[in-house]
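Presented below is the structure to which this report refers.
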Amino acid sequence: MAVIRFLFALLLGFVLGAGAVLYLVQSDAGDLVIRRSEVVQDLERRLREAELARDQLGRNLEEVASRAARMEQSFNELERRFRELDGSREKTPPAGEPRT
């Protein structure tokens, strides 16, 4: 009789344990246990740091692009002014030549 009780308790424990594991896997309750582990917390912290670094690099890239656009504009303005000066220099005769 004791053997039957022992086997029944063993079988009952196995069924209850398997049910509890299936419940934890299927529900979000298992995620809570996993989220508390140090490895997962470290990975989440590193992910947040990487996202912050990505955002900072994105802002830096936008700033560099705007600076490049301003430099291009300034260069085009200087080129236009140079061409105007060069064109006006060609129209006026040199200082040593008589005007006609």
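Read-outs throughout are calculated quantities, based only on the coordinates presented, and are distinct from any laboratory measurement. Given the structure is predicted, the values throughout are model-derived calculations rather than measurements. Here the Cβ positions follow ideal geometry from the backbone for every residue, glycine too, while neighbour counts run over all protein chains shown.
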Which of MET1, MET71 has the fewest other C-beta atoms within 10 Å, and how do the rest follow up to the most?
MET1, MET71
Listed residues ALA69, LEU85, LEU57: farthest to the positive end of the dipole of segment 38-87 (Cβ charges)
LEU85
Using only Cα positions of segment 38-87, each an equal point scatterer, no hydration layer, compute I(q)/I(0) via Debye at q = 0.21, 0.26 Å⁻¹ and quote the log10 values to two decimals.
-0.76, -0.88
